[in-house]
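Engineer: Supplied in structure tokens, the structure appears directly below.
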Amino acid sequence: NAGVTQTPKFQVLKTGQSMTLQCAQDMNHEYMSWYRQDPGMGLRLIHYSVGAGITDQGEVPNGYNVSRSTTEDFPLRLLSAAPSQTSVYFCASSYSWGAGYEQYFGPGTRLTVT
Amino acid sequence: AQSVTQLDSQVPVFEEAPVELRCNYSSSVSVYLFWYVQYPNQGLQLLLKYLSGSTLVKGINGFEAEFNKSQTSFHLRKPSVHISDTAEYFCAVSRSPGSARQLTFGSGTQLTVLP
């Protein structure tokens, strides 16, 4: 099993550009989520999905869009990048959305917006 | 609302010494508690979790944590650390019966094991 994969590993964008961060899992997990990690702030939830076709906002959703057309994929779109979106982004998945289920994290995408 | 406070941002410790990483939470309801570890340039990995039952929870790599409801704490301990334990450790809390979408992370503690 590859687990949770993310591409790209690194990305540099100019302010105003758009891009999509890819996330895929091969564990047939229902629940997938996106977090951003900023120094001294831990991880904050951006968006999540409890199954194909179902998405919802987390703590910091502004400036990001998601969709979930398949169980495996959960891309994160930055519509118009801003320097405040410079961060490390992690995708995670778990068998179900209950808190007792372990979340598996991808290796992260380090994004810099200039 | 719930929150998590990790009291130490950096903890240096010598190899083979014991270590305790502190975590306090606030919540008006029962909670689930987690510790995750992040090795350099990697994603997070679950170390251990408390859902219910025994308040002493054992995890991977020799770590354990004790849930203390009266002190609203969930401190992580290891009796003897190795160089390979150098990593960032995150405490997280979710409401019970809870949902993964309500998972709140602390700001992290960087554990550095010195030779």
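Only the coordinates and a few stated rules stand behind these numbers; no lab work does. Given the structure is predicted, the values throughout are model-derived calculations rather than measurements. Using ideal geometry, Cβ is built from the backbone for each residue, glycine included, and neighbour counts are taken over all protein chains shown.
Engineer: For the stretch A:23-51 and the stretch A:56-101, write down the distance between their C-alpha centroids in whole Å.
Structural biologist: 5
Engineer: Taking the alpha-carbon distance from B:K49 and a cut-off under 25 Å, which lysines remain once sequence neighbours fewer than 8 residues away in the same chain are dropped?
Structural biologist: B:K58, B:K69, B:K78
Engineer: Apply the Karplus parameterisation 6.51 cos²θ - 1.76 cosθ + 1.60, with θ equal to phi minus 60°, to every residue of the stretch A:50-65 and state each ³J(HN,Hα) to the nearest whole Hz, in sequence, with x for glycine and proline.
Structural biologist: 9, x, 4, x, 10, 9, 7, 7, x, 6, 10, x, 5, x, 10, 10
Engineer: Still on this structure, I have one more. Residue separation times 0.36 nm, minus the C-alpha to C-alpha distance between B:E16 and B:K58: what's the value?
Structural biologist: 13.2 nm is the gain from fully extending B:E16 to B:K58.
Engineer: Given R₀ = 35 Å, what would the calculated FRET efficiency be for B:S70 paired with A:T15, taking r from the Cβ atoms and rounding to 0.05? Could the numbers behind the result be given before it?
Structural biologist: Numbers: r = 50 Å, r/R0 = 1.42.
My answer for the efficiency is 0.10.
Engineer: How large is ³J(HN,Hα), in whole Hz, for each residue of the stretch A:37-42 in order, when computed from phi with the Karplus curve 6.51 cos²θ - 1.76 cosθ + 1.60 and θ = phi - 60°, using x for Gly and Pro?
Structural biologist: Going residue by residue, I get 10, 10, x, x, 10, x Hz, with x marking Gly and Pro.
Engineer: Quick one: which residues, 5+ away or cross-chain, put their amide H under 5 Å from the amide H of B:T112? H built at 1.01 Å from N.
Structural biologist: Those lying under 5 Å, H to H, from B:T112 are B:V11, B:V13.
Engineer: Something else: Simple spin-label model, 7 Å along Cα-to-Cβ: A:T70 to A:Y101 in nm?
Structural biologist: 1.9
Engineer: So, one more: Provide the net charge surrounding A:G108, with neighbours chosen by a C-beta distance below 11 Å and charges set as Lys +1, Arg +1, Asp -1, Glu -1.
Structural biologist: Details: positive: A:K9, A:R36, A:R110; negative: none.
Net local charge, A:G108 excluded: +3.
Engineer: Label point 7 Å out from B:S80 along Cα-to-Cβ: which residues of the stretch B:32-61 have amide N under 20 Å?
Structural biologist: Of the residues in the stretch B:32-61, B:58-61 have backbone N under 20 Å from the label point off B:S80.
Engineer: With N set to the residue count of the stretch B:1-90, report its C-alpha Rg divided by 2.2 N^0.38 Å to two decimal places.
Structural biologist: 1.07
Engineer: How large is ³J(HN,Hα) for each residue in the stretch B:42-47, as worked out from phi by the Karplus curve 6.51 cos²θ - 1.76 cosθ + 1.60 (θ = phi - 60°), to whole Hz, x for Gly and Pro?
Structural biologist: Rounded to whole hertz, the list is 10, x, 7, 10, 6, 8.
Engineer: Mind giving me the nanometre distance, one decimal, between the label points for A:A82 and B:Q42, set 7 Å out from Cα along Cα→Cβ?
Structural biologist: 3.5
Engineer: Using the alpha carbons of the protein assembly as shown, what is the convex hull volume per residue in cubic angstrom, as a whole number? Don't skip to the end; give the middle numbers.
Structural biologist: Details: hull volume 27.6 nm³, N = 229.
Cα convex hull per residue, to the nearest whole number: 121 Å³.
Engineer: Now, a different point. Taking a cut-off of 20 Å between Cα atoms, list the aspartates and glutamates near A:K14, but don't count ones fewer than 8 places away on the same chain.
Structural biologist: A:D38
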